[in-house]
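Report on the following structure.
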Amino acid sequence: MTISKLLAITNLCKTFRLHIQGGVEIAVFNGLELTLARGEVLAVTGPSGTGKSSLLKLIYGTYRAGAGRIEVVHRGSVIDIATATPRLIGDIRRHTIGSVTQFLRAIPGVPTLDIVAEPLLERGEDAAKAKARAGGLLERLAIPPRLWHLSPVTFSGGEQQRVNIARGFAARAPILLLDEPTASLDPANRERVLAMIAEASAAGTAIIGIFHDAAARNQVATRTLALTSPP
Amino acid sequence: MTLADDQPLLVAEGLGKLYGGRVGCLDVSFALWAGEVLAIVGESGSGKSTLLKCLSMQLAPSSGRVHYRLRDQRMVALDRLSEAERRFLMRTDWGFVHQDPREGLRMGVSAGANIGERLMAVGERHYGRIRGAALDWLDRVEIEADRIDDSPLAYSGGMRQRLQIARNLVTGPRLVFMDEPTGGLDVSVQARLLDLMRRLTHGSGLSAVVVTHDLAVARLLSSRMMVMQAGRVIESGLTDQVLEDPQEPYTQLLVSSVLQV
């Protein structure tokens, strides 16, 4: 892997084996190849079931690769996520790969500001600075300060998604995975999120995103990966 | 910190416990690092609690061994500790949170005394400092200061559980063992306790081994997970890996059996 790349995927294979449903096998990837450089925004496209979210989960280490390599530049070394220990993957998530999932997962009762600041605290940043950055992101995403000390569990879908986005952007990870970041947003908030993606990209962040909204995709993507069903 | 030069806090090697001919747990090996929260999940009778007791010297294993890194960085086998080292672990460096707070608290004395007792066991004699520490910990676990002289008998289940946590953490332990810490609590009380436990473990360097049959609790609290069945660890990994991409038939069954709300 050359130094300008932040991520290189080689011969990635993934098959799910559903033991409790008669051992059915679902093949998702068979030899996928992909590289990603600083500042690129790669849009993953394809019909439902072709593995768009699975690809993000394989890169994040949530799904285990069946074969192949998923190499990232982590703290100056090349690490293969497909064979990394859970502990090392934890470190990669703290420092190298950020993720915005479609749905917010939070302990009921934990304030919004704390949820957004958590990735910064986990990498050992000062609490006051972490909260200041979290507040800045929430403000930018039009979550008013009167909501910051409430749990987002009762927020609307669009508000929860913006909290999730703020959390994903908080740590300024060199690689960012976005699963439908604009799906339940109104036009004004959609524009805010797209502007944040463009800025992160300009600052060198490598981004892989799933955008069902073609206009949003065309606005921010520098490259596209079209997935098709495996034979 | 770099990962390579940092040693585990606790290492289990081939740990097993037989009750007569019956298997409690068998051939369990893993390493736990500072700051990690490890969940042990599985159904009743799978060996979770037996394993926790073997790890925490409450039961002598039939086979295998547990190594622990003391504060002076020496890695020692638990069965070779001196009596003084053993006492230090049990009273200071470790905590043990039981499912039933009555097992971990002294119900006959006040809340403040429950917290102060652990400090006195490690030599603290100054009344003002002991009371100050008790008040500080009551505050951290969200119990009103004016309840310090009440007996835990007058506390609700959720408050008792928080008091048990305060009693354990007052000595600044590096490792806490928890056996179904949220079991038997109402869901609203559970959420508050989970939030508290997460705040106390996150970023503090405190490690925890948490036994639970509740996958949602494990998901919110732990970074790593081991799944037990019939006394053996059948699958382990990052918590989200095990829950979202379970490999073993039993783990798939366990994950798919959780009710969605």
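We did not get these values from a lab; they are worked out from the coordinates using the rules stated. The structure displayed is predicted, hence computed values, not measured ones. Quick reminder, even Gly has a Cβ in these numbers, built from the backbone with ideal geometry, and neighbours come from all protein chains shown.
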- Message: Which one, A:117, A:214, A:24, projects farthest toward the positive side of the charge dipole computed for chain A from Cβ point charges (K/R +1, D/E -1)?
- Response: A:117
- Whole-Hz Karplus ³J(HN,Hα) for segment B:219-232, in order, using 6.51 cos²θ - 1.76 cosθ + 1.60 and θ = phi - 60°, x for Gly and Pro? 4, 7, 9, 9, 9, 10, 9, 10, 9, 10, 9, 6, x, 10
- Message: Quick check: pseudo-label points 7 Å beyond the Cα along Cα→Cβ at residue B:145 and residue A:4, how many nm apart are they?
- Response: 6.3
- Item | DSSP bridge orientation in the protein assembly as shown - percent antiparallel, rounded to nearest 5 | 55
- Ratio for chain A, C-alpha Rg to 2.2 N^0.38 Å, reads 1.02
- Task: Would you mind getting me the FRET efficiency between residue A:184 and residue B:258? Use the beta-carbon distance for r and R0 = 22 Å, nearest 0.05.
- Result: 0.30
- Message: Need one number: nm distance between label points at residue A:94 and residue A:222, each 7 Å from Cα along Cα→Cβ, rounded to one decimal.
- Response: 2.9
- Message: Pairwise over distinct Cα atoms, reciprocal of the mean inverse distance: report the Kirkwood radius of segment B:20-176 in Å, one decimal place.
- Response: 17.2
- Query: By count of other Cβ within 10 Å, fewest leading, how are B:162, B:22, A:69 ordered?
  - Reply: B:22, A:69, B:162
- Given H placed on each backbone N at 1.01 Å, which residues far from residue B:25 in sequence or on other chains put an amide H within less than 5 Å of it? B:17
- Take the alpha-carbon positions of segment A:119-195, form their convex hull, and give its projected area averaged over all directions (one quarter of the hull surface) in nm². 5.3
- Go through segment B:123-132 residue by residue and turn each phi into a ³J(HN,Hα) via Karplus (6.51, -1.76, 1.60, θ = phi - 60°); whole Hz please, and just put x for glycine and proline. x, 6, 10, 7, 4, x, 5, 5, 5, x
- Item | Long-range tail of P(r) for segment A:76-157 (Cα pairs > 17 Å, %) | 56
- Message: What does the charge count around residue B:180 come to, taking other residues whose C-beta lies under 12 Å from its C-beta (Lys +1, Arg +1, Asp -1, Glu -1)?
- Response: -3
- Note on the structure: Looks like segment A:88-221, by Cα gyration tensor root eigenvalues a ≥ b ≥ c and the a/c under 1.5 rounded cutoff (else prolate when a/b is bigger than b/c, oblate otherwise), is oblate
- Query: Can you give the angle from 0 to 90° between the axis of helix B:157-169 and the longest principal axis of chain B, with both taken from C-alpha atoms, to the nearest 10?
  - Reply: 90
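Could you please report the charge total around residue A:224, scoring K, R as +1 and D, E as -1 over all other residues with beta-carbon less than 13 angstrom from its beta-carbon?
+2
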- Note on the structure: Among B:257, B:137, A:148, the residue whose Cα sits farthest towards the positive end of the charge dipole of the protein assembly as shown (+1 at Cβ of Lys and Arg, -1 at Cβ of Asp and Glu, taken about the Cα centre) is B:137
- Tell me, what is the percent relative contact order of segment A:92-229, built from C-alpha pairs under 8 Å that lie six or more residues apart? 30
- Computed FRET value (nearest 0.05) for residue B:63 with residue B:204, which takes r as the C-beta separation and R₀ as 35 Å: 0.55
- Would you tally the net charge around residue A:125, using a Cβ to Cβ cut-off of less than 13 Å, leaving residue A:125 out, and scoring K and R as +1, D and E as -1? +3
- Message: Rounding to the nearest 10 and keeping the result within 0 to 90°, find how far the Cα-based axis of helix B:187-201 lies from the longest principal axis of chain B.
- Response: 90
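Taking only DSSP H segments of four or more residues, each worth -39500 (n - 2.57), what value at 222 nm results for the protein assembly as shown once the sum is divided by all its residues, to the nearest 500 deg cm²/dmol?
Values: 17 runs with 173 residues, N = 492.
Mean residue ellipticity at 222 nm (helix-derived): -10500 deg cm²/dmol.
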- Expressed as a whole-number percentage, the relative contact order of chain B with C-alpha contacts under 8 angstrom and at least six residues apart is 26
- Message: Output the 0 to 90 degree angle, nearest 10, between the alpha-carbon long axis of helix A:112-122 and the longest principal axis computed from the alpha carbons of chain A.
- Response: 60
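Taking R0 as 45 Å, what's the FRET efficiency between residue B:153 and residue A:83 from their Cβ-Cβ distance, rounded to 0.05? Can you show the working numbers first?
Values: r = 54 Å, r/R0 = 1.20.
It comes out at approximately 0.25.
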- Item | Value of relative contact order over chain A, rounded to a whole percent, pairs C-alpha under 8 Å and six or more apart | 28
- Message: Once each part is reduced to its C-alpha centroid, what is the distance from segment B:191-214 to segment B:46-80 in angstrom?
- Response: 21
- Task: Please report Rg over Rh for the protein assembly as shown, where both radii come from the alpha carbon positions and Rh follows the Kirkwood definition.
- Result: 0.98
- Of B:163, B:223, B:239, which is farthest on the positive side of the dipole of segment B:120-261, counting Cα position, with +1 on Lys and Arg Cβ, -1 on Asp and Glu Cβ, and the Cα centre as origin? B:163
- Take every DSSP beta bridge with both residues inside segment B:10-256 and express the antiparallel ones as a percent of the total, to the nearest 5. 55
- Message: Quick check for me: using +1 on Lys/Arg Cβ and -1 on Asp/Glu Cβ, what's the dipole size of chain A about its Cα centre, in debye to the nearest 20?
- Response: 280
- Magnitude of the Cβ-charge dipole of segment B:10-256, K/R +1 and D/E -1, about the Cα centre, nearest 20 debye? 820
- Message: Antiparallel versus total DSSP beta bridges in chain A: what percent is that, nearest 5?
- Response: 55
- Taking the Cα centre of the protein assembly as shown as origin, sum charge times position over the Cβ atoms of Lys and Arg (+1) and Asp and Glu (-1), and report the length of that vector in debye to the nearest 20. 600
